[in-house]
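S.K.: Sharing a structure below in structure tokens format, with a few things to ask.
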There are 2 protein chains.
Amino acid sequence: MLVTNNAARGPETGRNLDPWYSSYADRTKGLAASEVRALFAVASRPEVVSLAGGSPFVKALPEELIDSAFRSMMREHGPEALQYGGGQGIPQIREQILDIMALEGITDASADDIVTTTGSQHGLDIVSKLFLNPGDVVLAESPSYVGAIGTFRAYEADTVHVEMDEHGLIPSALEETLHRLRSECRVVKFLYTIPNFNNPAGSMMTAERRHEILEVCRREHLLIVEDNPYGLLYYDEQPPHAIRSLDSENVVYLGSFSKILSPGVRVGYVLAPHAIREKMILAVESSILSPSTFNQWLVNEYLKQADWKAQVAAYRDIYRERRDALDAALREHFPQFVWEKPNGGFFIWLQLPEQLDAKQMLPRAVKELVAYTPGTAFYADGRGQHAMRLAFCTETPERLATGVRRLATVINGELDLLETFGGLPMRSRPESGVIMPPPDIN
Amino acid sequence: MLVTNNAARGPETGRNLDPWYSSYADRTKGLAASEVRALFAVASRPEVVSLAGGSPFVKALPEELIDSAFRSMMREHGPEALQYGGGQGIPQIREQILDIMALEGITDASADDIVTTTGSQHGLDIVSKLFLNPGDVVLAESPSYVGAIGTFRAYEADTVHVEMDEHGLIPSALEETLHRLRSECRVVKFLYTIPNFNNPAGSMMTAERRHEILEVCRREHLLIVEDNPYGLLYYDEQPPHAIRSLDSENVVYLGSFSKILSPGVRVGYVLAPHAIREKMILAVESSILSPSTFNQWLVNEYLKQADWKAQVAAYRDIYRERRDALDAALREHFPQFVWEKPNGGFFIWLQLPEQLDAKQMLPRAVKELVAYTPGTAFYADGRGQHAMRLAFCTETPERLATGVRRLATVINGELDLLETFGGLPMRSRPESGVIMPPPDIN
């Protein structure tokens with residue numbers, strides 16, 4: 001039912017069919033359709049080899065482990081699991097999270113300083129809510145996680161990327177970027193970093209760099225938000241201890257069960273300095289009252305009953321094989337391209353020749369039944385055109401090989417065309433008949 | 001690790017031990033410790049009769065219904081349930097939600113316009129995120145839900161209460177309040193209403209009032225956010241159809257499984273006009289990526305397999321008995337006090353004599369092993385001192401009677417004192433030896 005005559009609607013209304021167009025908060029301007037959204041849609045079609053999404057291989061989790069956790073939960077804690085809980089999360093799971101974090105070198109934490117969340121993204125959202133005013137700046141790796149950039153944008157903050165190399169963030173680049181921004185009177189609120197197997201770059205920050213980055217941040221009084229969903233999923237050597245293990249006051253640490261158990265249960269956690277943690281609990285309550293007690297108890301029973309470390313080791317074996325398969329297929333088909341074979345995580349970041357535009361090329365790839373994520377998703381500033389993120393977590397080694405072969409058809413076809421037409425980048429609209437990906441990968 | 005010499009920290013730092021004190025976003029000023037939080041703590045001590053929290057009686061849910069939903073979910077949809085899902089929620093549960101909403105008279109909705117959320121509070125949070133700029137106004141009943149007031153405050157918006165009577169919100173009062181605020185150049189973004197069994201007042205908006213309130217809102221181009229967690233929990237007569245059943249463009253409708261199934265699974269939903277829904281999905285993704293697929297599948301299988309309408313009827317019988325028990329106990333002990341016996345929901349709103357202050361009296365009540373929620377929690381403007389919310393959802397009829405008897409001891413003691421000392425309200429600090437409630441009920 002449209003109201004057709006009301007001054008309160010403002011002048012914009014005529015341009016839009018949405019009667020509430022003039023009512024939205026300013027922050028909705030930062031809510032652009034994220035590429036994460038489209039990934040789900042593309043990846044779900046079975047004929048497409050999905051190198052796009054970051055969905056873990058949950059079929060590798062023996063169902064009896066979940067069954068048995070469920071039965072034990074219902075037997076011992078049924079009514080509690082079905083009831084509301086506190087905003088901080090149930091104490092039992094927070095105690096067990098201490099054991100998980102100890103594997104990352106974090107041994108001085110207290111369960112009191114942990115807040116459980118609806119997945120790690122919720123932790124990111126809450127940290128953003130607590131710290132980001134419109135116009136503030138977050139520093140991040142270059143490239144960085146698409147979902148984090150989106151969340152910062154939803155709080156009307158800008159992400160500014162800091163250069164990294166194969167050892168991780170470059171401390172002098174961090175310092176220079178920070179000084180430059182401050183000299184421009186920008187307010188920089190925190191450094192967002194994924195030291196272990198950066199999404200999408202796959203790179204790992206060295207121990208030395210962790211110390212150096214921390215030193216810069218301490219000196220400059222810059223909070224570090226350390227996001228560590230992949231730390232236990234290393235395939236060659238164990239990564240250095242978390243930055244949080246070096247400092248309890250300068251770091252907010254985000255962890256997740258999505259990659260070592262299941263993303264469907266949406267259980268993540270934040271370890272924060274005491275004063276921040278207090279505010280986090282209030283922010284969690286204000287956003288969802290309490291994280292799901294049902295899922296917290298389920299994960300708690302899983303951790304208690306299952307040999308979860310063995311399960312993580314099993315995941316490592318599966319993903320190592322897949323990483324190797326993707327790496328080998330890339331070496332076979334693209335010997336001239338540049339990438340780093342990652343020591344862990346889910347992704348290979350493939351650098352393309354300058355004349356190829358990964359976003360532009362995506363419709364052709366989907367037509368060839370292979371999907372990837374264009375590099376631009378991982379930059380707030382339009383960079384990344386000549387790169388793509390290839391996920392090896394979702395598909396089998398055989399399907400990974402098939403996917404790369406299809407990708408080679410697309411890329412070689414594109415390169416042939418470019419050669420024929422004198423090396424000009426292809427920027428034309430896709431021809432009719434091309435299967436278009438969902439509108440928001442574009 | 002405290003940094004002791006850094007200009008960027010600002011002048012406030014000396015006043016605070018939190019090294020990040022000067023870094024917080026402006027909106028954190030609105031994140032006050034909510035009384036909801038303390039309710040969990042108080043209610044969890046078994047010796048205390050809790051008339052405070054709004055926890056449903058989940059023990060009335062036969063465990064085999066959850067067991068069987070779980071088994072069917074794992075059998076049919078295991079890997080999907082453990083995996084990420086889309087930001088809008090799984091299509092299957094959205095289809096079934098149509099059947100639930102049909103019971104409230106909503107028959108023109110499409111599953112496409114539903115977004116599932118991490119409980120209904122998450123829906124409130126997302127609506128607030130989409131509409132509220134700092135300084136905006138939300139209109140709400142008088143009194144209104146503490147969690148909603150808190151969420152609006154977290155977005156730096158002000159809640160202004162509109163008078164209500166036994167038929168619900170008063171349309172002329174809504175119009176006058178709106179005109180007054182607009183004449184003061186305040187931007188009013190929406191009306192937040194709980195037409196069925198308002199939390200805390202227990203009152204039900206009549207059918208006529210629903211039409212009138214909608215007419216005012218249409219005429220004034222004011223969005224309605226209709227929160228309906230209790231609509232199916234009526235004890236005498238079925239309430240009128242939802243406001244949303246009368247208008248699909250002017251209403252955002254919030255529903256929840258917390259009261260008819262389990263709050264622990266945190267599954268709620270929003271039915272929104274098309275353009276708003278699109279933005280909601282983006283806001284959900286930005287805050288949590290996707291609601292728990294595990295819990296959505298579980299609820300989906302429950303709805304498919306269990307006779308959930310019979311279960312709702314069973315809840316009605318249980319809560320009706322409890323409402324009657326609380327009402328009878330109040331009639332026995334407080335024949336001179338004023339309250340309305342509610343037709344549904346979880347609460348009785350007890351008006352106290354002017355000389356009694358419910359918040360002031362709470363420590364004595366907790367000492368006597370009975371807890372309630374002081375009326376001030378449900379007002380953004382300090383009103384409600386002479387009222388308390390009594391929940392009949394959590395305790396058995398026997399415990400409810402015990403609770404009211406204990407409450408009578410406290411109230412009569414207080415009234416005796418007042419009489420002895422000439423009717424002056426007691427405002428002194430509690431004596432030492434009084435068991436204090438958690439610091440945030442104060």
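S.K.: Rounded, prolate or oblate for region A:342-407? Axes are the square roots of the Cα gyration tensor eigenvalues, ordered a ≥ b ≥ c, and the cut-off for rounded is a/c under 1.5.
M.R.: oblate
S.K.: Turning to a different aspect of this structure: If amide hydrogens are placed 1.01 Å from N in the peptide plane, which non-local residues have theirs closer than 5 Å to the one on B:VAL252?
M.R.: B:ILE224, B:VAL225, B:GLU226
S.K.: A further question on this structure: Calculate the mean, over all residues of peptide A:118-125, of how many other protein chain Cβ atoms lie within 10 angstrom of the residue's Cβ.
M.R.: Taking the mean over all residues of the peptide, I get 5.
S.K.: Under the classification rounded if a/c is under 1.5, otherwise prolate if a/b is larger than b/c and oblate if not, where does chain B fall, given a ≥ b ≥ c as square roots of the Cα gyration tensor eigenvalues?
M.R.: Rounded.
S.K.: Could you please state how large a percent of the accessible area of chain A is carbon and sulfur, counting protein chains only and using a 1.4 Å probe?
M.R.: C and S fraction of accessible area: 50 percent.
S.K.: In sequence order, what are the phi-derived ³J(HN,Hα) couplings for region A:345-356 according to the Karplus relation 6.51 cos²θ - 1.76 cosθ + 1.60 with θ = phi - 60°, rounded to whole Hz, with x for glycine and proline?
M.R.: Karplus-based 3J(HN,Hα) across region A:345-356 equals x, 10, 10, 10, 9, 9, 7, 9, x, 3, 7, 9 Hz.
S.K.: Above 19 Å lies some portion of the pair distances; for region B:12-171, what is it as a whole percent of all C-alpha pairs?
M.R.: Cα-Cα pairs in region B:12-171 separated by more than 19 Å: 75 percent.
S.K.: Can you order the peptides B:161-167, A:180-186 by their average number of other Cβ atoms within 10 Å per residue, highest first?
M.R.: B:161-167, A:180-186
S.K.: Excluding same-chain residues fewer than 8 positions from A:LYS341, which lysines have a Cα within less than 20 Å of its Cα?
M.R.: Those lysines meeting the cut-off are A:LYS259.
S.K.: Put the label 7 Å from Cα along Cα→Cβ for B:ARG75; what are its distances to the other copies, in nanometres, shortest first?
M.R.: 2.1
S.K.: According to the square roots a ≥ b ≥ c of the eigenvalues of the Cα gyration tensor, what is the shape class of region B:212-351, taking rounded for a/c under 1.5, prolate for a/b larger than b/c otherwise, and oblate for the remainder?
M.R.: oblate
S.K.: Shifting gears a bit: Once the other residues with Cβ under 11 Å from the Cβ of A:VAL225 are scored (Lys, Arg +1; Asp, Glu -1), what is the net sum?
M.R.: With Lys, Arg at +1 and Asp, Glu at -1, the neighbours total 0.
S.K.: Distance cut-off 21 Å, Cα to Cα: go down the list B:LYS129/B:LYS279; A:LYS304/B:LYS59; A:LYS129/A:LYS189 and report the pairs above it.
M.R.: In this structure, A:LYS304/B:LYS59 exceed 21 Å between Cα atoms.
S.K.: What is the ratio of the Cα radius of gyration of the protein assembly as shown to 2.2 N^0.38 Å, where N is its residue count, to two decimals?
M.R.: The value comes to 0.96.
S.K.: Something else: Determine, for each peptide in A:100-112, B:234-246, A:129-141, B:144-156, the mean count of other beta carbons within 10 angstrom over its residues, then list the peptides with the highest first.
M.R.: In decreasing order of mean packing, A:100-112, B:234-246, A:129-141, B:144-156 become B:144-156, A:129-141, B:234-246, A:100-112.
S.K.: GNM on chain B, C-alpha springs below 10 Å: top fluctuator among B:PHE57, B:PHE197, B:PHE378?
M.R.: Maximum among the listed residues: B:PHE57.
S.K.: What is the magnitude of the charge dipole of the protein assembly as shown about its Cα centre, with +1 placed on the Cβ of each Lys and Arg, -1 on the Cβ of each Asp and Glu, and no other charges, expressed in debye to the nearest 20?
M.R.: I would put it at about 240 debye.
S.K.: Let me ask something else. What's the average, rounded to a whole number, of partner chain beta-carbon atoms within 10 Å of each residue's beta-carbon in B:54-61?
M.R.: Neighbouring Cβ atoms belonging to other protein chains average 3 per residue here.
S.K.: Quick one: net charge of A:PRO353's neighbours, Cβ under 12 Å, K/R +1, D/E -1?
M.R.: Net of charged neighbours comes to -4.
S.K.: What does the average come to when, for each residue of peptide A:218-226, you count the partner chain Cβ atoms lying within 10 Å of its Cβ?
M.R.: 3
S.K.: Per-residue HN-Hα couplings for region B:139-145, Karplus 6.51 cos²θ - 1.76 cosθ + 1.60 at θ = phi - 60°, whole Hz, x for Gly and Pro?
M.R.: 8, 8, 5, 10, x, 9, 4
S.K.: Per the helix-only calculation at 222 nm, which mean residue ellipticity applies to the protein assembly as shown, given -39500 (n - 2.57) for every DSSP H run of n ≥ 4 and division by its residues, nearest 500 deg cm²/dmol?
M.R.: About -13000 deg cm²/dmol.
S.K.: What lysines sit close enough to B:LYS359 to cross-link, taking a C-alpha to C-alpha distance under 20 Å and skipping anything fewer than 8 places away on the same chain?
M.R.: Partners found: B:LYS367.
S.K.: How much net charge surrounds B:ARG277 when only other residues with a Cβ under 9 Å from its Cβ are counted (Lys, Arg +1; Asp, Glu -1)?
M.R.: Net charge in that neighbourhood comes out at -2.
The values are calculated or read from the model by the stated rules, or taken from the named source; none is laboratory data. Just so it is clear, the model here is predicted, and its values are computed rather than measured. Please note: Cβ atoms are built from the backbone with ideal geometry, for glycine as well, and neighbour counts cover all protein chains shown. Protein only, heavy atoms only, side chains kept; ligands, DNA and RNA dropped before computing areas. Shrake-Rupley method; radii C 1.70, N 1.55, O 1.52, S 1.80 Å.
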